[in-house]
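Structure record follows, encoded as structure tokens.
The values are calculated or read from the model by the stated rules, or taken from the named source; none is laboratory data. In this text the structure is predicted, and so the values were computed from the model without any measurement. All Cβ positions, glycine included, derive from the backbone under ideal geometry; neighbour counts span all protein chains shown. Remember, those area values only see protein heavy atoms, side chains included, never the ligands or the DNA or RNA. Shrake-Rupley method; radii C 1.70, N 1.55, O 1.52, S 1.80 Å.
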Amino acid sequence: MAFTTLRLPPYPKLVTNNRFSGIFASQFHSSALPSRLVLGSSPSCVGTLSLSINHHSSRWSSTAFTCFSQTSELSVSVDTYGSNTERVVVLVIGGGGREHALCYALQRSPSCDAVFCAPGNAGISTSGNATCIPDLDIFDSSAVISFCRKWGVGLVVVEPEAPLVSGLANDLVTAGIPTFGPSAEAAALAGSKDFMKTICHKYGIPTAKYQTFSDASAAKQYIKEQGAPIVIKAEGLAAGKGVAVSSTLEEAYKAVDSMLVEGIFGSAGYQVIVEEFVEGEEASFFALVDGDNAIPLESAQDYKRVGDGDTDPNTGGMGAYSPAPVLTKELQNVVMESIILPTVKGMSIEGCKFVGVLYAGLMIDKKSGFPKLIEYNVRFGDSECQVLMVRLESDLAKVMLATSRGELKGVSLKWSPGSAMVVVMASKGYPGSYEKETVIRNLEEAECVAPAVKVFHGGTAFDSDGNLIATGGRVLGITAKGRDLEEARDKAYLAVEEINWPGGFYRQDIGWRAFPQKQFSRNA
């Protein structure tokens, strides 16, 4: 058998137990002969990794690989006959729980050769779901583009809103790199609540009544006229913390002062949105959008308040489940027709087509039973993404690539039956000040307590002694699938109770909205 030998520059930080085949995929797709490829000197790894790659099958396999501070040789034998399937190397931008869930789903995608994640986190790297790139500056477009070209990345998934708002997707698209994520102009749907409200008003999208203020006195006068309860929002991005649901006028005045006078959210709070309080049930609705077409994802519902019984301050999410009983098929159709599709059309008319995932935070109005748009995010919700990705059976890489190319028309998604639930474990004190670098143990034991349990990491690292430590507010997402929501809930909480983390806490009532109170006794 004839072989050719190719040499590529080494990647400096290869990750334990990861698949490396995708890095070299572009070298083989048009090759007429089986090839042998050798990766030269690498300062961070020692050992030999053998990959067995057959383009007649849908998966490439690898042995485990352990990283040290030496050199390595990578030998790959490739049979390239008979395959016309498009395969892609994916770079995921971000390092939280939703990025971990996306890496998990992408790694399972038949058309995905390999997954990188920048910066990633300890859980992503040790799980083998992606090769983490902690030293890649995700706000430096030229560095990201250079990395993509060097390693044959064929799809970039940009999740955090900050680099989207700063224009990373614009620069990647200009460089000819397929990108799942909106332009800076389209990302203003999340980056500016006033812009989002303006789009709603202009295109007849149902939302709560509001006014925008930069003067605290004027805001307070409007609040006095409207009465409480009322909602105060920072105009810009505030990491999921810029919303105050005020039950009294005094609480509302205090929220205005904290944002406009004290500046607790910096430039994100230079203006505030004072919004009508809509009583009802919250739900999360996600749709993939390719600029002109949109397809819905499965339904999900998250729990924003930090305390049991939906009490205390809002967070970025303390848990979620899918499907959400409140989002019936009929209601999902209403959301698509009255909210999502008018937004997609309106953004196109405004000259800033939206590409990526559109996340509509909804309130199902108690009075009318119809949904109102509370907010847009231009990425997946953290908790919801975890339950959606464990249920997704479609090829995520293929679907995301179709989204980036404007080819969603006719695409449908396949989901596993049953339900999924995630319970978030957060650092004590969150969403206020919290202690960092507390040690977490027993995660492997937690994943083994029952079938279909997965722990996603949102903010973890290793200390100098090799202990897993918490580095963020919302740290772990303990996710489980079950035949129904009750089984998923029981598995998730069984796994949570196995984790040894004195520095963490969690809500004990995730799922209560979907169960009669008499069936849910964890809060007793």
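Computed quantities for the displayed model
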{"read-out": "Stretch gain in nm, segment L249-K409, where the contour uses 0.36 nm per residue and the Cα spacing is subtracted", "value": "52.8 nm"}
{"read-out": "In nm, spacing of pseudo-spin labels at F515 and E262 (7 Å Cα→C-beta vector)", "value": "3.7"}
{"read-out": "For segment 286-341, alpha-carbon Rg over 2.2 N^0.38 Å", "value": "1.36"}
{"read-out": "Pairwise label distance in nanometres, S394 with T198, each label 7 Å out on the Cα-Cβ vector", "value": "3.3"}
{"read-out": "Apportionment of accessible area to carbon and sulfur, segment 209-277, percent (1.4 Å)", "value": "50"}
{"read-out": "Pair-distance profile P(r), taking every C-alpha pair of segment 322-463, with 10 angstrom steps and integer %", "value": "8, 28, 33, 22, 8, 0"}
{"read-out": "Relative contact order (percent, whole number), segment 426-502, Cα cutoff 8 Å, 6+ residue spacing", "value": "37"}
{"read-out": "Under 14 Å from the Cα of K436 - aspartates and glutamates, other chains or at least 8 residues apart", "value": "D463"}
{"read-out": "Magnitude of the charge dipole, segment 379-420, Cβ model with Lys/Arg +1 and Asp/Glu -1, debye to 20", "value": "160"}
{"read-out": "Relative packing of 178-184, 439-445, which averages over residues the other C-beta atoms within 10 Å, highest first", "value": "178-184, 439-445"}
{"read-out": "Where labels lie 7 Å past Cα in the beta-carbon direction, separation of A452 and E337 in nm", "value": "3.3"}
{"read-out": "Trypsin sites (Lys or Arg not before Pro) lying in DSSP loop within segment 203-304, provided at most 15 other Cβ fall within 10 Å", "value": "K209"}
{"read-out": "Near-label residues of segment 347-375 by backbone N, under 16 Å of a point 7 Å along Cα→Cβ of D310", "value": "361-375"}
{"read-out": "Neighbour net charge for A234 - beta-carbon separation under 10 angstrom, K R +1, D E -1", "value": "+2"}
{"read-out": "Neighbour-limited loop hits for GluC sites (Glu not before Pro), segment 316-417 (at most 15 other Cβ within 10 Å; DSSP other than H, G, I, E, B)", "value": "E393, E407"}
{"read-out": "Neighbour cut-off at most 16 other Cβ (10 Å), DSSP loop, trypsin sites (Lys or Arg not before Pro), segment 305-400", "value": "K366, K367"}
{"read-out": "Relative contact order for segment 374-487, counting Cα pairs under 8 Å that sit 6 or more residues apart, in percent", "value": "31"}
{"read-out": "25 Å Cα-Cα threshold exceeded, pairs from K372/K414; K329/K367; K193/K224; K372/K428; K202/K241", "value": "K372/K414; K372/K428; K202/K241"}
